[in-house]
Each structure stands twice: as C-alpha cells, then as structure tokens.
C-alpha cells in the first residue's frame, strides 16, 4: 500500500470515528434531555372539576380567615333557598339583592362576623352574598376577566390536594389581580384559598369548612 493510500484510509477512519461519536452524542443528548425528563414528570391532572355549589346544602358554612389577622374572621352560611338553578322560580329578592328571577344561577349565603367559642358562625350578620355558579368563587356582582386556569397540587391541612388555580383581573371595588384556588373536595363554593394583589397591599384569605349546624 502506498503512502498516499495509507493517508487516505487513515483520514476515512478518523472521519468514521468522529461520525460514530457524533451520533452517540446526539442519542445520549436525546435520552438525557428529552426521554428522561418526560419519564420524571408526574401524570398531568385531568380537568374534571365538578362545581361544589351544585351539592351545597342549606346551613352549610365556611369560615374566612387571614393568617396575619386572626381576629378578622367572617363566616358564610348557605341560606335556605340554597343553589337556585332556576332563578325565575326563586325569591324576588334576598337581602339587598333584588330582581333575582331574571339573574344567573347563584348560591345565596348570609355573611356573619365569626365568634370565638362554640357558636363560631353565630356573630352579627353583615349582609347577603350571591355566588354565581360559574364565577370561580367570586360574588355574582363582580366583574372579572379570567386569564388562565390550570390544575396543580396544593397543601391543604395535612395533605396534598388537587386544585384549580384561576388567575383573573377584577374590576371595580377591590379591583386588582386575583388568584383563586378551587377544589372539588371543598364544599359550598369550592374555594380553598384566594390571594389578591391590590394597589396598596396583598391579601391572602383562607377558608375552613364547618359543614351544617
């Protein structure tokens, strides 16, 4: 074999080796950055939220509280009309809310100041709130623009709970950026927690379910 032929064969061998190494690098990179991350990802949460308001019962109650203001607590109690699926057959008015027979479906609750002791929700009444059926836990008279809805896991009490995080822009009174967390296991309105970014401060409000009296 001539010296020129040996040189050509050597170069071909080097190129073949480089090609093999390049292919191996691509394959290993695909496994490392594509296949393995997919295997590590948990199963996505299915969006199968059934509105807890459909199962609300009269006298069910929910406590609102802030961690940084333990004394500022209030309680919502489901009124006897409960969830009005057909408002035209319901009452004409509830508290300050009127013309209800032409309204959207709602859940009616009376709001009370919370007490310490045995009768937590027996404090002074502060009015009536209507929660619209598809307003993600917001009152029926609220104007919002929903920006995103996504399932996620959240710690609730001593366990992890699948929730739906709804990010929205609220207008008018208490206008600002709001995020609500809803869970199928949280009765009444489904709300576990909400946070709101107001012009002057950020509020975080939790809910604790008491059940019927």
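What follows is calculated from the coordinates using simple rules that are stated; it is not laboratory data. None of these values were measured; they are calculated from a predicted model. Note that we place each Cβ from the backbone using ideal geometry, even for glycine, and neighbour counts take in every protein chain shown.
Show log10 I(q)/I(0) for region 52-209 at q = 0.19 Å⁻¹, two decimals, from a solvent-free Debye sum over equal Cα scatterers.
Listed by q, the Debye log ratios stand at -1.36.
Just order 145-156, 54-65, 101-112, 84-95 by mean Cβ neighbour count inside 10 Å, highest at the front, would you?
So the peptides 145-156, 54-65, 101-112, 84-95, ranked by packing, come out 101-112, 54-65, 84-95, 145-156.
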